[in-house]
Amino acid sequence: MIRVVICDDNIVFMNHFKDIVESSLSNYTDDFQISTVSNGKLLLAKHMESEFDIIFLDIDMPDISGFDVAKVLRDNNSRCFLIFITNHSELVYESVDFQPFNFIRKNCGIPVEESVEKIISKLIRHMRQNEKVILEDDISGRNAVYIKDIVFIESERHYVKYHIANKEFPIKMRDNISNLEVKFEQYDFVRIHKRYLINFRFLSNIDGKRNEVTLRQLNIRLPMSKNYKKEVDEKYTLFLRSMI
């Protein structure tokens, strides 16, 4: 379950904002819970009891500011996704030290609904990539691997090889790449060739003339089939737009 909390001392705005977040999240999953709190001390107390995954945090609050709350969270190594809310655009630069996922301006001319939808879309993508899969082979045994660390998957007859970032040798398992294409589509993987499935997060270049792609991290070039080129271009464009 995705646990979300909204912290704002403006009760009217907070309740309206909760409806917006709930509407946006429901487009992706039903497995979430949204809480609301009106001050930072209460937020910290609830977070210490059971950590939230996503925190929407107003900066300008009495007693303890959003920045003060964020400092406590990060000092305690909280890995929550933190999104600041404020009327003051100039505070964006001061928020960097707290590693926020994003920033929502209350009165900037852009509807709050639009800002929330973009952020939720990005959040869901990031959270999916932070999931783990269990991979097992004869050499390294069972491995719990973050999806975000899988650079590409290679088909080899009745087997597939998972090429992992910062891992010298791939993990080889008996599987079918067509099945994995369906399974990993939601995690921003795309088929570029009958033998290869790549993670868009590692894609650094598409060479249309040579029909190949370059992947960062492993610094490797892979062939791209002409049959997949159009689909790769279209999906990569959508991926880049979603990350803005």
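The values are calculated or read from the model by the stated rules, or taken from the named source; none is laboratory data. The model shown is predicted, which means the values in this text are computed figures rather than measured ones. With ideal geometry, Cβ positions are generated from the backbone for all residues, glycine too; neighbour counts draw on all protein chains shown.
Of all residues in segment 1-47, which are small (G, A, S) and under 19 Å from D68 (Cα atoms)? If you could, list the steps in order and put the result at the bottom.
To start, the set of residues in segment 1-47 that are small (G, A, S) comprises 23-24, 26, 35, 38, 40, 45.
Correct list: S38, G40, A45.
Restricting the first residue to segment 213-239 and requiring it to be over 21 Å from K148 (Cα atoms), which pairs with a second residue that is of a type in the set (S, T, N, Q) meet a Cβ separation below 6 Å and a spacing of at least six or different chains? Final answer for the pair search is M224/N211. Could you check, for segment 152-168, whether at least one of its residues is touching a residue at least 12 places away in the same chain (Cβ under 8 Å) and closer than 22 Å to T237 by Cα? The answer is yes, given that some residue of segment 152-168 is touching a residue at least 12 places away in the same chain (Cβ under 8 Å) and closer than 22 Å to T237 by Cα. Here is the figure for segment 33-58: residues that are farther than 20 Å from K122 by Cβ, of a type in the set (A, V, I, L, M) and buried (at least 17 other Cβ atoms within 10 Å of the Cβ) total 3. P111 meets each of the listed conditions (1) loosely packed, with under 15 Cβ neighbours inside 10 Å; (2) touching a residue at least 60 places away in the same chain (Cβ under 8 Å); (3) not hydroxyl-bearing (S, T, Y) apart from (2).
Checking each residue in segment 130-144 for being more than 15 Å from L180 (Cα to Cα) and either in a strand (DSSP E or B) or not β-branched (V, I, T) (or both) picks out N130, E131, E136, D137, D138, S140, G141, R142, N143, A144. Taking segment 128-186 as the range and being closer than 20 Å to L222 by Cβ, in contact with a helix residue (DSSP H, G or I) (Cβ under 8 Å, 6 or more places away or on another chain) and of a type in the set (F, W, Y) as the test, the residues that pass are F152, F184.
Yes/no per residue for (1) surrounded by fewer than 13 Cβ atoms within 10 Å (Cβ to Cβ); (2) β-branched (V, I, T); (3) under 30 Å from N10 (Cα atoms); (4) at pLDDT 90 or above:
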| position | (1), (2), (3), (4) |
| --- | --- |
| E117 | no, no, yes, yes |
| I164 | no, yes, no, yes |
| I171 | no, yes, no, yes |
| N179 | yes, no, no, yes |
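When D75 is tested against (1) in contact (Cβ under 8 Å) with a residue 12 or more places away in the chain; (2) more than 23 Å from I11 (Cβ to Cβ), only condition (1) is not met.
Of the listed requirements (1) buried (at least 17 other Cβ atoms within 10 Å of the Cβ); (2) among the β-branched types (V, I, T); (3) more than 20 Å from the chain's Cα centre (by Cα), V12 misses just one: (1). Of all residues in segment 66-99, those being in contact with a strand residue (DSSP E or B) (Cβ under 9 Å, 6 or more places away or on another chain) and modelled with pLDDT of 90 or more number 12.
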